[in-house]
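> For reference, the structure I am asking about is given below.
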Amino acid sequence: MRQSHLSSKRAGLGPWLLVPLLSLVLAACGEGTSVEPQRVPEEELSTSRSALGEFRLRLMAANISSGNNQSYDPGHGIRIFQGTKPDVVAIQEFNYGSNSTADIRSFVDTAFGTGFYYYRETGAQIPNGIISRWPIISAGEWTDPKVGNRDFAWARIDIPGPKDLWVVSVHLLTSGSGVRNEEAVSLVQRIKDNIPTGDYLSIGGDFNTDSRTESAFGTFSQVVTTSAPYPADKNGNVNTNAGRSKPYDHVLVDSDLLAYQTATVIGSSSFSGGLVVDTRVYSPISEISPAQSSDSGSTNMQHMGIIKDFLLPGDDGTTPVGSVTVGSPNGGESWAAGSSQAITWTATNITNVKLEYTLNGSTWNVISASTPASAGTYTWVVPGSATMAARVRVSDAANTSITDSSNAAFTITTTPTPDPTNAITQESESNNTAATASGRVGAGTSVSGSLSTSTDVDWFKFTVTTPGTVTVKLTMPGGADLDWYLYTESDLNFFAARGYTTSNPEVASYNAPAAGTYYVKVVGYAGTMSSYSLLVTGAGVQP
């Protein structure tokens, strides 16, 4: 049995104590020591639902980093988070950018939203962490006795209702089932010693387990339920490694929380035991936009995300908790300026909704201050400004903290005007930033350039007049190793495509979703200096 002497909300931690306690914790916190402070089944699984006001909790375990650095920089995992919209995530290999506080905050904002909280263990090569829609009131790490480059990360979360939720994020070793059981024994003892029996508990993450009969599951069953039903993909496959043959990843919960498990519903799809998120088999992929079909098959993505949903009692017994979800536009659409389009949503326990849009991701404009939530649709005349960063937001008109927005940006197109400048054949310095980019690079016209110092960077711009495939080719003399990165005009920080191998020439293609200006940055690998030839082609690229 887990110990029960610690106070929980059910044991009497009332609002008079919670508010100052939360303020104290947040004021004193820092990454790795407490919490990040910035922010303002089918029916058989649901027979124990409370008659109180209810809210949905989506738990996810995610070791879905990709690329060569065990990080989320390439963006495949980010798109999966955006498309599946978890409320609480036990995340592994929690690396992004330089791992500075600003970079990690940027990752959380992009993948989940600016209102989310996080905890990330420090001093780890591949850290574990927890990301939450609701405040993290305490957090920390327990030593993993078998490995030195990460520990067990835990967080106590102030979810609505009478109980707190404790989440433990784990990443067990691959070296053998016996070693994994030793890790499980250590963790279970920590849980028994520190987590109140009256609160909810979830252990989530990358267990690296070869089968569900490993002894670690017997150990974990002392504090969480390890039996079926298991999450599955669209084809009923419950395995989670890249080859889909082994049950590596798990969301395990205690019996108190299990009583409230409900089907995971996304769009028109329902998964009674939860979802294994494999974008390669998910259909229709538009339900989890902006995730792309190829994301789960990206380089070095060795795990699938795991999701379980729960319908839990809210804070009181009379007022149900409202919820709203945007249906369309949900990311990836291309709408013509001036056209009439349907904004759609689903809402529960809400009378009227407020509709807004943004063209840049930060400034919001009102479409309708109040329209009946039950309608579920609103005809909108799309504004006349071209952008690839548009989103729509739907909120409870009476309580705008209950809100949802498009999972990803959609495009508003206008009739493009070709760039009147002549195509260039030679770079012109200084072109070290996007603002001073050399251009215009014309389709099929080679441009010669040179990186003359180890820190030199060359930017170029080109015009796309109609959406379609764009191919970038960078050719170097001899064995020089240069790379290129392609950016959209709306996002000059996160590349949309790149050529960064040791190949010569470096060639790759990108499906430009809209007309507009695009940029190519040329850099030298590890300070390489060399001349080069840049060629951009594509039917939609202006000659």
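> Equivalent-ellipsoid semi-axes (√(5λ), Cα gyration tensor) for segment 413-519, whole Å, largest first?
Its equivalent ellipsoid spans semi-axes of 23, 16, 13 Å.
> For segment 149-189, taking Cα atoms only, what is the radius of gyration to one decimal and the Dmax to the nearest whole Å?
Taking only Cα atoms of segment 149-189, I get Rg and Dmax of 13.4, 41 Å.
> Three principal axis extents, largest first, for the C-alpha atoms of the chain, in Å?
The Cα atoms of the chain stretch 75, 56, 47 Å along the principal axes, largest first.
> Here's a follow-up. Per 0.36 nm of contour for each residue apart, how much would the distance between Ser286 and Asn493 grow if the chain were fully extended, relative to their Cα-Cα spacing?
Gain on extension, Ser286 to Asn493, equals 72.0 nm.
> I'm a student and want to see the number: the projected area of the Cα convex hull of segment 461-543, averaged over all directions, in nm².
Mean orientational projected area (segment 461-543, Cα hull): 5.2 nm².
> Apply 1/(1 + (r/R0)^6) to the Cβ-Cβ distance of Thr174 and Asn237, taking R0 = 25 Å, and write down the FRET efficiency to the nearest 0.05.
0.75
> My understanding is that a pair violates if its Cα-Cα distance is over 25 Å; which of Lys308/Lys354; Lys85/Lys521; Lys85/Lys354 do that in this structure?
Pairs exceeding the cut-off: Lys308/Lys354; Lys85/Lys521.
> Ok, one more. For Thr114 and Thr346, calculate 0.36 nm times their separation in residues minus their Cα-Cα distance, and state this gained length in nm to one decimal.
81.3 nm
> Also, quick follow-up: Once you compute Rg and the Kirkwood Rh from C-alpha atoms, what is the Rg to Rh ratio for segment 79-192?
Using only Cα positions, Rg/Rh for segment 79-192 is 0.98.
> Quickly rank 66-74, 143-151 as a protection proxy: mean count of other C-beta atoms within 10 Å, highest first.
Going from most to least packed, we get 66-74, 143-151.
> If you build the convex hull over the alpha carbons only and average its shadow over all orientations, what do you get for segment 347-427? Give it in nm² to one decimal.
7.7
> If I compute solvent accessible area with a 1.4 Å probe over the protein chains, what percent of it on the chain is carbon and sulfur?
Percent of accessible area from carbon and sulfur atoms in the chain: 50.
> Let me ask something else. Give me the accessible area per residue for segment 431-543, probe 1.4 Å, as a whole number in Å².
Per residue, segment 431-543 has an accessible area of 41 Å².
> Considering the alpha-carbon set of segment 306-453 alone, what are its Rg and its Dmax in angstrom?
Every Cα atom of segment 306-453 included, Rg and Dmax give 22.2, 71 Å.
> Just grab the label-to-label distance for Ser448 and Gln222, each label 7 Å out from Cα along the Cβ direction, in nm (one decimal).
Reported label-point gap for Ser448 and Gln222 is 7.3 nm.
> May I ask you to list the residues of segment 514-532 whose amide nitrogen lies under 12 Å from a point 7 Å from Cα along the Cα→beta-carbon direction of Ala480?
From segment 514-532, the list is 523-525, 528-532.
> Over the C-alpha atoms of segment 200-266, what are the Rg and the largest Cα-to-Cα span, Dmax, in Å?
For segment 200-266, the Cα-based Rg and Dmax read 12.1, 34 Å.
> Full extension from Thr501 to Met529: what is 0.36 nm times the residue separation minus their Cα-Cα distance, to one decimal in nm?
8.5 nm
> Treat every Asp and Glu Cβ in segment 346-502 as -1 and every Lys and Arg Cβ as +1, leave all other atoms uncharged, and give the resulting dipole magnitude about the Cα centre to the nearest 20 debye.
In debye, rounded to 20, segment 346-502 gives about 440.
> From zero up to wherever the largest Cα-Cα distance of segment 247-336 sits, split into 5 Å bins and tell me the percent of pairs in each.
Answer for segment 247-336: a P(r) of 3, 11, 16, 19, 19, 14, 10, 6, 2, 1, 0 percent.
The values are calculated or read from the model by the stated rules, or taken from the named source; none is laboratory data. This one's a predicted model, so the numbers in the text were calculated from it and none came from an experiment. When we count neighbours, we look across all protein chains shown, and the Cβ atoms used for this are built from the backbone with ideal geometry, even at glycine. Side chains included, ligands, DNA and RNA excluded: accessible areas come from the protein's heavy atoms. Shrake-Rupley method; radii C 1.70, N 1.55, O 1.52, S 1.80 Å.
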